[in-house]
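The values are calculated or read from the model by the stated rules, or taken from the named source; none is laboratory data. From a predicted model like this one, the values you see are computed outputs, not experimental measurements. Neighbour counts are summed over all protein chains in view; Cβ atoms, including those assigned to glycine, are modelled from backbone coordinates with ideal geometry.
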Amino acid sequence: MFSGLVDDVGLVEHTAQTDAGLEVRVRCRYDDLAAGESVSVNGVCLTVRERGPDAGGAGGSGSFFFTTAAMLPTLSVTTVGDWRPGRRVNLERALRASDRLGGHIVQGHVDAVALVVRAEMLGDAFVVDLAVPSDLSDLMVPRGSIAVDGVSLTISGMPAADVVQVSLIEYTRNHTTLGALNAGDRVNVEADVLAKHVRRLLAPQREAWRAAPDAH
């Protein structure tokens, strides 16, 4: 489990297609990763396979690496298949039980890929409009939470059907990859897990209401 508070921006160094999916090597600042540990990479919960000092690093931040692999089902619902060497990715290590939950509960289980339809500065905020799949839009509410490429954000508005708006402060722009977004970019989105459970619990009641003779 994660909080959506990115603590490093890594660099994809190598990717390789396999029959099972995609293998990825990422340069990072983490010097004590363990094999089998979970890391959120652009919002995707992935497992560390190998790790160690990065001979290509220049020392300091970014002088370590880890490798991981994304399976075919993951590739089908995320942007991982688009990753190429040189791509910057948001990183977050799994929460400890004693950590502060400064963002919101993020599982690293991406629901879908959203399309950036607008990205521009308005005053002191960088406003981004995301077109999300219609089956996710009813999980979104103004002032609710959403994870975008692993970053915990507050939904500032819903300007159109199936469009979610977020506003990025300067700190978020400078410490994640989101400050470089442009219209046409694709991003991983994860809806609030609490909203998912509420929808599931209410599903029988909603179906019963729809089936009632006087429902319409």
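I need the full set of residues from the range 185-216 which are touching a Ser or Thr at 6+ places or on another chain (Cβ under 8 Å) and crowded, with 19+ Cβ neighbours inside 10 Å, in order please. Within the range 185-216, 187, 188, 192 meet the criteria.
Considering 99, 124, which residue is modelled with pLDDT under 95, within 26 Å of residue 173 (Cβ to Cβ) and not assigned by TED's automatic domain parsing to the domain that holds residue 146?
Numbers: 124 fails: not assigned by TED's automatic domain parsing to the domain that holds residue 146.
Being modelled with pLDDT under 95, within 26 Å of residue 173 (Cβ to Cβ) and not assigned by TED's automatic domain parsing to the domain that holds residue 146 holds for just one of 99, 124, which is 99.
If you go through the range 170-195 and keep only what is within 14 Å of residue 155 (Cα to Cα) and either among the acidic types (Asp, Glu) or modelled with pLDDT of 95 or more (or both), you end up with 189, 190, 191, 192.
Inclusion of residue 74 among residues that are closer than 29 Å to residue 193 by Cα and touching a helix residue (DSSP H, G or I) at 6+ places or on another chain (Cβ under 9 Å) is warranted. Would you confirm whether or not the range 147-155 contains a residue that is surrounded by 10 or more Cβ atoms within 10 Å (Cβ to Cβ), farther than 25 Å from residue 92 by Cα and either among the aromatic types (Phe, Trp, Tyr) or modelled with pLDDT of 95 or more (or both)? No; the residues of the range 147-155 include none that is surrounded by 10 or more Cβ atoms within 10 Å (Cβ to Cβ), farther than 25 Å from residue 92 by Cα and either among the aromatic types (Phe, Trp, Tyr) or modelled with pLDDT of 95 or more (or both). Residues of the range 14-51 that are under 18 Å from residue 177 (Cα atoms) and surrounded by fewer than 18 Cβ atoms within 10 Å (Cβ to Cβ): 29 alone. Residues that are under 21 Å from residue 26 (Cβ atoms) and either of a type in the set (Val, Ile, Thr) or under 10 Å from the mean Cα position of the chain (by Cα) (or both) within the range 93-110 comprise 106, 107, 108, 109, 110, listed in sequence order.
When residue 101 is tested against (1) in contact with a strand residue (DSSP E or B) (Cβ under 9 Å, 6 or more places away or on another chain); (2) within 24 Å of residue 7 (Cβ to Cβ), only condition (1) is not met. Report yes if residue 182 is part of a loop (DSSP other than H, G, I, E, B), outside the structural domain of residue 42 (by TED's automatic domain parsing) and either surrounded by fewer than 16 Cβ atoms within 10 Å (Cβ to Cβ) or without any contact (Cβ under 8 Å) to a residue 24 or more places away in the chain (or both), otherwise no. In short, yes.
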